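One structure is given below, encoded as structure tokens.
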Amino acid sequence: MKNRERRFRIFPRLILDFNYGYLFLMIRYELAEDIGAEIEDILHKLDMSHVDGSRVVCVRSEGSKSKRVIARCHGLSRIMQLALGEKPRYVIEVVSERFDRLNKEEQTKVLIHELMHIPYSFGGGFRAHKPHVTRKKVERMYKKLVNAR
């Protein structure tokens, strides 16, 4: 066996390092087309025209160590856009262990919350919780969505 093969044994989702005894759980990611369809519906019905749905990718993760996170919004920073020659893009990640347990209403509110972090400039940055993304504003947007359906 090669030196690296002797040191590491790789199993699905586990890495064992025999030199140091560490055990890492790896986070698994997969594209979430069901979440993407829901995002498109929300964008259309709430008239969030500043968000280009074709440049928002939805991902479901499994194996996160975080205790409170249900979903995250990731943006491609300006420096990465420049270096890669890409336009701004966003990834909405839902943490499967927590998101999938929520009822449909709460899942929709979480997705609205994450979409509200995307600024009107759609430039790769984020909007902060206060004053832009609050529970009250998410509830208002959810009611608007329910009335639009």
In sequence order, what are the phi-derived ³J(HN,Hα) couplings for segment 32-41 according to the Karplus relation 6.51 cos²θ - 1.76 cosθ + 1.60 with θ = phi - 60°, rounded to whole Hz, with x for glycine and proline?
10, 5, 5, 5, x, 5, 5, 4, 4, 4
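How big is the charge dipole of segment 32-148 about its Cα centre, in debye rounded to the nearest 20, if each Lys and Arg gets +1 on its Cβ and each Asp and Glu gets -1 on its Cβ?
On the way: 22 positive and 16 negative charges, 147 e Å.
Approximately 700 debye in magnitude.
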With segment 47-149 reduced to its Cα atoms and the Debye formula applied, log10 I(q)/I(0) at q = 0.10, 0.17 1/Å amounts to -0.30, -0.85
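Values in this text are rule-based calculations from the coordinates and carry no lab data. Being a predicted model, the structure only gives us computed values, none of them experimental. Cβ atoms come from the backbone with ideal geometry, glycine included; neighbour counts cover every protein chain shown.
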